[in-house]
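Just below is one structure, and these are the notes that go with it.
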Amino acid sequence: MRLEGHVLTPAGFVRGTLEYAQGRIVRIEGHPVDETTVRADVHTPVLLPGFVDLHVHGGGGADTMDGGSAVTTLARQHLRHGTTALLATTMTAPLDEIEAALRAIAPRLAERARGTARVLGVHLEGPYISPHKLGAQPPFARPPSLAEILALHAIAPIRLVTMAPEVAGNLALIPALVGAGMRVQIGHTAASYEQALEALEQGASGFTHLFNAMSVLHHRAPGVAGAALAHGRHAEIIPDLLHVHPGAIRAALRAIPGLFCVTDATAAAGMPDGDYRLGRQTVTKCLGGVRLADGTLAGSTLTMDQALRNLVAIGLPLAEAAARCSSHAAAYLGLADRGLLAPGAWADVVVMDAATLQLRRVIVEGEAIELG
């Protein structure tokens with residue numbers, strides 16, 4: 001199969017063709033063009049790497065914690081917005097509910113259902129978090145247990161674990177979790193700057209939804225946010241322009257080389273206003289956001305195509321915005337064949353209108369999804 005347009009390669013845009021076969025990119029040919037030319041040529045589509053979202057709770061009315069076919073439903077919903085690979089993200093909950101959710105996720109990992117994004121594994125967001133920084137998480141935070149986490153990992157592969165470093169026992173577990181192939185992220189935490197640095201020294205490598213549900217930056221007490229800006233190589237950020245002010249996003253972009261976008265999307269993503277489930281919580285979608293009854297932000301309705309448009313709207317070049325929505329997250333997980341358009345990589349491509357950055361088509365592992 002062959003696509004024509006302005007193709008974003010690791011070396012920059014080229015005007016030419018991308019060919020793929022058996023799910024993989026086999027050839028990209030063309031001549032280099034600058035981004036000004038790309039955006040000005042409104043008659044030529046833009047081909048970007050498929051988006052990679054490492055923090056997805058739900059979409060299309062389904063929540064990861066629902067079990068059953070929920071993950072298939074949310075993976076279908078997010079594919080239609082350009083996400084070609086994602087991590088199914090759990091909520092803090094009693095252990096038996098987390099186990100049940102992972103048992104439902106596991107069969108979806110071995111084989112990708114047609115018309116859905118590739119589910120890469122699990123983001124375990126809790127329950128090893130601070131009870132003082134729950135955010136929208138239910139009050140089921142619990143002490144850490146290596147045996148417990150490894151047992152969950154045996155049910156379905158855990159790629160990311162969010163932990164609060166100040167919770168007794170968490171720091172000591174980080175090297176073992178990293179050794180088992182997991183990335184450990186600092187999040188839902190009231191930790192001090194010093195405790196966050198200690199977690200990084202133990203092997204933690206990222207920060208969960210930067211600035212949200214963590215100790216804030218103060219000039220005499222930098223907190224976890226300050227530690228991320230001063231020392232972080234990687235961090236998630238939710239660019240829905242509700243969770244984080246554009247100025248704070250730009251500060252993070254200057255400070256953290258591997259900053260990548262996530263949606264933190266809930267079941268309400270892609271759905272009309274109303275009430276939805278987020279784990280055990282009831283959340284309400286209204287005015288473009290999702291909140292608990294007390295007004296606390298509770299995940300989002302963001303999709304990755306809108307994340308890209310938001311980044312461009314606050315001043316990022318398209319190529320950088322695309323990297324923040326794809327290649328940075330893939331590289332963070334150690335994936336050499338996703339999040340980029342290059343020979344040998346999976347044929348995960350989003351085809352967008354150059355003028356509006358609206359999606360025209362999504363290709364996931366060579367399967368084309370036509371959009372209206």
_Selection count, region 329-350, where residues are over 20 Å from the mean Cα position of the chain (by Cα) and surrounded by 18 or more Cβ atoms within 10 Å (Cβ to Cβ)_ = 0
*Condition check for ASP294: of a type in the set (Asp, Glu) and outside any loop (DSSP other than H, G, I, E, B)*: no
*region 213-233, residues that are closer than 23 Å to VAL52 by Cβ, buried (at least 21 other Cβ atoms within 10 Å of the Cβ) and of a type outside the set (A, V, I, L, M, F, W, C)*: GLY232
*So is ARG108 assigned to a helix (DSSP H, G or I) and out of contact with any strand residue (DSSP E or B) (no Cβ under 8 Å at 6 or more places or on another chain) or not?*
no
*Cross-chain or 6+ apart pairs with Cβ under 6 Å, region 220-238 first and closer than 15 Å to ALA251 by Cβ, then among the polar types (S, T, N, Q) and surrounded by fewer than 19 Cβ atoms within 10 Å (Cβ to Cβ)*: none
_Contacts under 6 angstrom Cβ, first residue in region 143-164 being among the basic types (Lys, Arg), partner in a strand (DSSP E or B), 6 or more apart_ = ARG159/LEU87; ARG159/GLY121
*With the checklist (1) under 30 Å from PRO165 (Cα atoms); (2) free of Cβ contacts under 8 Å to residues at least 40 places away in the same chain in hand, flag the one item GLN137 doesn't pass.*
(2)
*Would region 64-83 turn up any residue that is within 30 Å of ILE186 (Cα to Cα), over 15 Å from the mean Cα position of the chain (by Cα) and of a type in the set (Asp, Glu)?*
yes
_All but one of (1) outside any helix (DSSP H, G or I); (2) closer than 26 Å to SER69 by Cα; (3) modelled with pLDDT of 95 or more; (4) not β-branched (Val, Ile, Thr) hold for ALA101; state the number of the condition that does not hold._
(1)
*When only residues in region 79-96 that are touching a Leu at 6+ places or on another chain (Cβ under 6 Å) and not in a strand (DSSP E or B) count, which is surrounded by the most Cβ atoms within 10 Å (Cβ to Cβ)?*
GLY82
_What are the pairs with Cβ atoms under 9 angstrom where one residue, in region 18-34, is of a type in the set (S, T, N, Q) and the other, located anywhere, is outside any strand (DSSP E or B)? Sequence gap at least six, or different chains._
GLN22/ALA347; GLN22/GLY366
*Output yes when any residue across region 328-350 is assigned by TED's automatic domain parsing to the domain that holds HIS57, touching a residue at least 12 places away in the same chain (Cβ under 8 Å), under 18 Å from GLU4 (Cα atoms) and out of contact with any Ser or Thr (no Cβ under 9 Å at 6 or more places or on another chain), and no when none is.*
no
*Would you point out which residue out of GLY60, GLY23, GLY67 is assigned by TED's automatic domain parsing to the domain that holds THR284, modelled with pLDDT of 95 or more and at positive phi?*
GLY60
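The values are calculated or read from the model by the stated rules, or taken from the named source; none is laboratory data. Keep in mind that what you see is a predicted model, and the values were worked out from it rather than measured. Counting neighbours? That spans all protein chains shown, and the Cβs are built from the backbone with ideal geometry, glycine included.
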